[in-house]
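Enquirer: The structure's right below; bear with me while I get my questions together.
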Amino acid sequence: MTYGFGYAKFSNLRMGLLQEQETFIPIQDNIKVNLLRLKNTTPKKKNLRLVYYIKPVLGEDITKTNGYIYINYDQNENMIYAKNQYMQDLEKSNCYISSSEKIKSYTGNKISFFGMGNLKSPEALKKRTLGNENAIGKTACIAIEIEVELKAFEDKEIVFVLGADEENIRQTAYKYTIPENAKKELENTKQYWKDLLRKTTVRTPQESMNILLNGWVAYQTICCRLWARSGFYQSGGAYGFRDQLQDVMGMKYIKKELMKEQILKSASHQFIEGDVEHWWHTETKKGIRTRFSDDLLWLAYVTAEYVDFTKDTAILEEKIPYIAGKVLQEGEDENYDEHPVQEIEEELYLHCIRAIDKSISLGEHGIPKIGSGDWNDGFSTVGNKGKGESIWLGFFLYEVLNRFIPICELKQDYERIEKYKQVQKDLKKALNTSGWDGRWYRRAFTDNGEILGSIENEECKIDSIAQSWSIISKAGDNDKKYMAMENLENHLVDKENGIIKLLDPAFENSKLEPGYIKAYLPGVRENGGQYTHVCCCYVQFFTRYATSQMFSCISYL
């Protein structure tokens with residue numbers, strides 16, 4: 001098995017039959033292509049029966065769509081069509097399967113296909129035909145069979161395709177079921193990824209790190225995070241407002257258009273009040289309105305990063321509409337609904353301003369309110385009553401203002417510049433007084449006045465992200481931020497296990513009830529595990545510290 005940029009290759013030699021399959025998705029077309037090469041390595045003729053099998057979801061969950069999948073075999077087109085008859089609100093509720101060889105039979109009935117067998121040995125393969133059954137009213141699958149004859153030492157190329165609903169189904173299917181066309185597009189796909197991913201090169205003393213950074217991280221970010229919106233823990237296919245904006249920041253080095261596209265897409269999921277959908281599905285046009293306090297700020301943060309890197313200030317004038325939705329009532333943490341596009345539209349600059357102004361909601365300690373979570377979604381009950389505050393969010397807001405004040409200067413928005421500078425001044429004072437615990441920065445204040453990230457806590461004595469951002473934002477006082485870094489390294493860098501923990505100790509038995517984070521086992525995900533974003537924040541934190549120390553030494557010498 002070989003995984004490459006844009007393709008996967010599977011090879012097998014069994015019973016004198018050499019099998020090679022390359023699977024890829026062309027850059028320009030919405031279709032999965034399986035290019036199969038078979039070679040008879042024996043002096044005897046082989047008659048083969050090949051079956052291509054899939055489980056069609058065509059919706060959110062296969063358990064919800066079973067019984068509603070209608071399939072149709074078009075003999076003239078040599079194609080199986082499948083449609084979800086129930087999920088009419090889905091834009092993409094159809095799929096199709098075809099092959100370069102004539103389809104001999106098919107089935108949409110998973111139960112009859114497997115019988116008492118399994119994936120390695122389905123009962124259907126012991127029968128003369130798959131039965132030509134529909135999937136409607138049944139546990140669905142789609143399986144097609146073809147027959148191939150290979151003479152002594154003969155080889156043959158066969159194509160199976162799986163396509164999604166689109167306007168030119170027949171033309172696309174016909175194009176890729178011609179093996180020569182499929183091979184040509186496979187090479188085009190490989191070349192596309194090579195050209196894109198070779199735009200940057202990283203050299204480190206560790207070869208495994210070089211392999212990861214020189215292509216694979218960017219490739220996975222684009223394919224998994226931006227296109228599939230999937231991962232080990234979450235495979236829902238939704239866009240996360242914060243998540244995909246973070247993902248595109250690294251893409252500026254290889255394809256800055258991805259960054260611009262995501263900024264504009266995210267801005268179009270903002271309410272006129274300034275808050276945003278935490279996540280949404282493009283297929284259903286539904287999303288969730290929440291009290292998460294950091295999502296909206298990422299729009300301004302990433303926009304500023306894009307403008308600084310590309311010098312493309314024209315993006316600030318792009319007109320984008322808002323969405324409309326019911327404002328969350330007291331005691332209501334979230335609302336999942338379809339939020340229609342409004343006629344009101346404003347330039348991106350004002351979208352960012354609305355986000356920043358909405359975030360300048362400070363609590364009794366002069367620190368931003370955390371709502372039903374900040375970057376750490378698991379802190380869902382720290383401040384959902386409207387009083388809790390986030391020290392990390394204070395540092396993040398400070399850094400957003402660092403980045404956005406120069407954009408306000410570009411727009412000659414002088415009154416707002418003075419307002420934001422005053423917010424920064426007050427915020428820095430609060431963070432270094434109320435936010436300081438004596439050895440490191442606290443993490444949050446809860447609605448009932450408890451502290452997270454304090455030496456006095458049984459659990460969550462110290463949280464990484466608050467320490468990192470004290471330096472990233474430049475809001476931490478010099479003596480405090482260096483103490484914070486030293487304690488982060490002492491308490492959260494686990495050299496024995498090779499991880500950088502998010503917080504320590506993990507939540508488990510104490511009286512603290514910060515939210516659903518406590519439902520995770522200690523050391524898993526946000527509950528004291530190593531979390532990628534925060535781990536990278538520590539590295540950024542450390543490099544800024546090391547750089548500043550180096551220049552201090554140079555200055556001293």
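Quick note: the coordinates plus some simple rules give every number you see, no bench work behind them. Just so it is clear, the model here is predicted, and its values are computed rather than measured. Positions of Cβ are backbone-derived with ideal geometry, glycine not excepted, and every protein chain shown enters the neighbour counts.
Enquirer: Taking the alpha-carbon distance from residue 480 and a cut-off under 16 Å, which aspartates and glutamates remain once sequence neighbours fewer than 8 residues away in the same chain are dropped?
Expert: Straight-distance partners of residue 480: 437, 463, 489.
Enquirer: Note down the nm distance, to one decimal, between modelled labels 7 Å out along Cα→Cβ at residue 524 and at residue 12.
Expert: For residue 524 paired with residue 12, the spin-label model returns 3.3 nm.
Enquirer: Sticking with this structure for a sec: Once label points are set 7 Å from the Cα along Cα→Cβ at both residue 204 and residue 509, what is their separation, rounded to one decimal in nm?
Expert: It is 3.8 nm.
Enquirer: For 433, 290, 65, what's the fewest-to-most ordering of other Cβ within 10 Å of each Cβ?
Expert: Sorted ascending by nearby Cβ count, the order is 433, 65, 290.
Enquirer: OK, next. Quick one: what Rg and Dmax do you get for the range 169-222 from the alpha carbons, in Å?
Expert: Final numbers for Rg and Dmax: 16.0, 51 Å.
Enquirer: Oh, and also: Send over the Kirkwood Rh of the range 95-166, from the inverse of the averaged 1/r over different Cα pairs, rounded to one decimal Å.
Expert: It works out to 13.7 Å.
Enquirer: Still on this model: Expressed in nm², what is the orientationally averaged projection area of the convex hull enclosing the Cα positions of the range 123-262?
Expert: 14.8 nm²
Enquirer: When the expected Rg is taken as 2.2 N^0.38 Å, what fraction or multiple of it is the alpha-carbon Rg of the chain?
Expert: Cα Rg divided by the expected 2.2 N^0.38 Å: 1.14.
Enquirer: Now for a different question. I need the semi-axes of the equivalent ellipsoid of the range 233-308: take the C-alpha gyration tensor, multiply each eigenvalue by 5, square-root it, list largest first in whole angstrom.
Expert: After scaling each eigenvalue by five and taking roots: 20, 15, 11 Å.
Enquirer: Counting residues in the range 2-196 as N, plug N into 2.2 N^0.38 Å and put the Cα Rg over that result.
Expert: The reported ratio for this selection is 1.06.
Enquirer: Can you give the percent of C-alpha pairs in the range 274-344 whose distance is more than 22 Å?
Expert: It works out to 34 percent of all Cα pairs.
Enquirer: I've got another one for you. Measure nothing fancy, just the Cα-based angle from helix 179-197's long axis to the longest principal axis of the chain, in degrees from 0 to 90, nearest 10.
Expert: Approximately 20 degrees, to the nearest 10.
Enquirer: Calculate the translational D of the range 198-359 in whole µm² s⁻¹ from Stokes-Einstein, where the hydrodynamic radius comes from the Kirkwood formula applied to all Cα pairs, the temperature is 20 °C and the viscosity 1.002 mPa s.
Expert: Diffusion coefficient, whole number: 128 µm²/s.
Enquirer: While we're here: Over all alpha-carbon pairs of the range 111-150, lay out the pair-distance distribution in 5 Å bins, whole %, shortest bin first.
Expert: 5, 20, 32, 24, 12, 5, 1, 1
Enquirer: Once you've got the Cα coordinates, tell me which of 286/358; 104/183; 369/495; 45/126; 265/286 are over 26 Å apart.
Expert: Going by Cα-Cα distance, 369/495 fall outside the 26 Å limit.
Enquirer: A further question follows. So what are the radius of gyration and Dmax for the Cα set of the range 360-557, in Å?
Expert: 17.0, 54
Enquirer: Moving to a separate point now. Would you kindly state how much longer the chain becomes between residue 217 and residue 42 on full extension, computed as 0.36 nm times their sequence separation minus their alpha carbon distance, in nm to one decimal?
Expert: Full-extension gain reported as 58.7 nm.
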